[in-house]
Amino acid sequence: LTPEVAMGILDTLGIRAKAPATAAGDTETVRRIAASLDRLDPERARYLAAFAYLLTRVASADLKVSEDETRTMERIVMEKGALPEEQAVMVVQMAKTQSLLFGGVENFLVTREFREIASVEQRIGLLHCLFAVSAADHVISSAEEGTIGKIASELMLDHAEYVAVKGAYRDRLATLQNGG
């Protein structure tokens, strides 16, 4: 499937990614999810949209998003975003849909946007949440661990910060289970 054919299919379905970035640095994915949070401050909505998308990026790294991972993402978005449950569920569902539709194109762009709008403490907090989502089904797969490492790098977190957070989830790492 060539990019031209894929874009033609998206056009036929009425789904088309706009230019990936604007002067403000936001992506189509973040704009769509943030629009669903219209009662929040626009900056807070952008932050939560990117945050939810990145949770989904990790959950789908092993090509399946379990019910446990979905519930964990909803709980985290509800807690971190101070959102009612029904709104957190909607945000997570939209993030999952956007990830499915535009994941390959938007992954780095959304991560870069999150890096630009989040403090170092918020980026480290996200890293904890990424591990929590991937551990929701009791095992952090190698694919999930690799994706978290890539996101940490894209967030410009140093290796020591990554290792410190990863250490808290050591017992859930597939690479360390079963004598691995």
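Taking the stated definitions as given, is VAL110 at pLDDT below 95, open to solvent by 10 Å² or more (accessible area, probe 1.4 Å) and touching a Leu at 6+ places or on another chain (Cβ under 9 Å)? No; evaluated as a whole, the condition is false for this residue.
Tallying residues that are within 15 Å of ALA34 (Cα to Cα) and open to solvent by 70 Å² or more (accessible area, probe 1.4 Å) within segment 87-107 yields 2. Within segment 136-167, being open to solvent by less than 10 Å² (accessible area, probe 1.4 Å) and either assigned to a loop (DSSP other than H, G, I, E, B) or touching a Phe, Trp or Tyr at 6+ places or on another chain (Cβ under 7 Å) (or both) holds for ILE140, ILE148, ALA152, LEU155, VAL165.
The listed residues are VAL110, VAL105, VAL92, VAL133, and the only one of them that is touching a Phe, Trp or Tyr at 6+ places or on another chain (Cβ under 6 Å) and under 14 Å from ARG57 (Cα atoms) turns out to be VAL110. Residue under question is GLU79, and the condition is that it be open to solvent by 60 Å² or more (accessible area, probe 1.4 Å) and at pLDDT below 90; does it hold? Here the answer is no, as GLU79 does not meet what is asked. Determine, yes or no, whether ARG31 is closer than 30 Å to ALA174 by Cβ, open to solvent by 10 Å² or more (accessible area, probe 1.4 Å), charged (D, E, K, R) and assigned to a helix (DSSP H, G or I). Criteria not met by ARG31.
The values are calculated or read from the model by the stated rules, or taken from the named source; none is laboratory data. As the structure is a computational prediction, the values presented were derived from the model and not from experiment. A quick note on method: Cβ atoms are made from the backbone with ideal geometry, for glycine too, and the neighbour counts reach across all protein chains shown. Heads up: the accessible areas ignore ligands, DNA and RNA and are worked out on the full protein's heavy atoms, side chains in. Shrake-Rupley method; radii C 1.70, N 1.55, O 1.52, S 1.80 Å.
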